[in-house]
1. What FRET efficiency comes out for the pair residue 12/residue 219, r = Cβ-Cβ distance, R0 = 41 Å, nearest 0.05?
2. Which cross-chain or sequence-distant (5 or more) residues have an amide H under 5 Å from the amide H of residue 84, H modelled 1.01 Å from N in plane?
3. Ignoring everything except DSSP H segments at least 4 long, calculate the 222 nm mean residue ellipticity for the chain; use -39,500 (n - 2.57) per segment, divide by total residues, nearest 500.
4. Using the Cα centre of segment 13-80 as the reference point, and only Cβ charges (+1 on K/R, -1 on D/E), how large is the resulting charge dipole? Debye, rounded to the nearest 20.
5. For the pair residue 55 and residue 300, what calculated FRET efficiency results from E = 1/(1 + (r/R0)^6), where r is the Cβ-Cβ distance and R0 = 30 Å, to the nearest 0.05?
6. As an exercise, use a Förster radius of 25 Å and the Cβ-Cβ distance of residue 4 and residue 318 to find the FRET efficiency, rounded to the nearest 0.05.
7. Order by neighbour count: 285, 51, fewest other Cβ atoms within 10 Å first, most last.
8. Placing unit charges on C-beta atoms (Lys and Arg positive, Asp and Glu negative, everything else neutral), compute the dipole magnitude of the chain about its Cα centre in debye, rounded to 20.
Amino acid sequence: MPDKRTTIANSILLALMLVAVITSLSMGTVRIDPMDTLRALVGSADPMTTFVVNELRLNRVTAGLLAGAALALAGCLMQTLARNRLATPGIIGIDNAATAFAVASVVGIGVSVAPPVMALAGAAAATAIAFGLAGANGTRGYRFIVAGIGIGAIAGAVTQVMLSRVAIDAANAAYPWTVGSLNARSGNSVLVLACGLAAGYGLLMLISRGLNTLQFSDAVAVALGTHLKRVRILGLAISVLLTGFAVSVCGPVGLIALLAPELARTICKPGKVPLLASALAGATFMVVADLLGRTLFSPLEIPVGIITAIVGSPYLLWILLKPSQRSLT
């Protein structure tokens, strides 16, 4: 059962997320009163308000919620497996590899598979290569992180090469995938992401006890009855699943997977992996970042990935300059 501190933290995050959603649905080129927004959601507002909220904004906000939650869960999971705060899908190259495969599908270079499938394939390939290069350490230690950084750099370079060799229209169509964007997300892609997130979270609940014991040494975890190999393999697979589905919708939105789990660990009771809090924080961060990108310099829109990079980069530098903060143990 969740403790009182964690319950309060999750309730606060849920309330902040709902406020962010209503605010995002209300603000834009056409500003709508929050009460009218709520009426539009239940179909009792005037036709114009209902159209703006339900047809123009709701799908985008939903995509942000789901993608932010998926990225945050993947980050929390990866950090727990590696016992390192720097081990997130973006930093170890999973995001870039998923993006490269998705871009290959968008620009039509030798493949015709749907971007979500290609993004999953890219995420899985990057993880497998990084895991193989890490050798006996698996997901533990800096060798895994360094290998992932190298893979991410190569994947990023491949993406740029592909974009430079196609027509300008094809490159423009693929550009949002390279920076992270929630603009014009299709309903089908959001539905696929919702199914992937639900499946991933459900699987995480099955291994949540084992994940909690990974915060201790291997000897202690085994003594507590944890099957380390099974938990790590399943956890890594779930992280790949969540990252691939999220990138297939919004592209590589950086540092959500770093910031959200850190906030969740700060406000929740120590000793347990804050999965729900991480998801709620990630969803809130994503919606707020997208809102800022839409409204700060309106009508010019800044992709959500650029906003999260600007906000999260100083925190990443702070972690790098604080060696004592890198480990989760």
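Values quoted throughout were computed directly from the atomic coordinates according to the rules given, and no laboratory measurement underlies them. This one's a predicted model, so the numbers in the text were calculated from it and none came from an experiment. Positions of Cβ are backbone-derived with ideal geometry, glycine not excepted, and every protein chain shown enters the neighbour counts.
1. Numbers: r = 36 Å, r/R0 = 0.89.
Plugging the Cβ-Cβ distance into 1/(1 + (r/R0)^6) gives 0.65.
2. 328
3. Details: 15 runs with 234 residues, N = 329.
It lands at -23500 deg cm²/dmol.
4. Working: 4 positive and 4 negative charges, 29 e Å.
Dipole of segment 13-80, to the nearest 20 debye: 140 debye.
5. Numbers: r = 23 Å, r/R0 = 0.76.
The calculated FRET efficiency here is 0.85.
6. Working: r = 30 Å, r/R0 = 1.20.
Using R0 = 25 Å, I get an efficiency of 0.25.
7. Details: 285 29, 51 14.
Arranged by neighbour count, lowest to highest, 285, 51 become 51, 285.
8. Numbers: 22 positive and 11 negative charges, 234 e Å.
Dipole about the Cα centre, nearest 20: 1120 debye.
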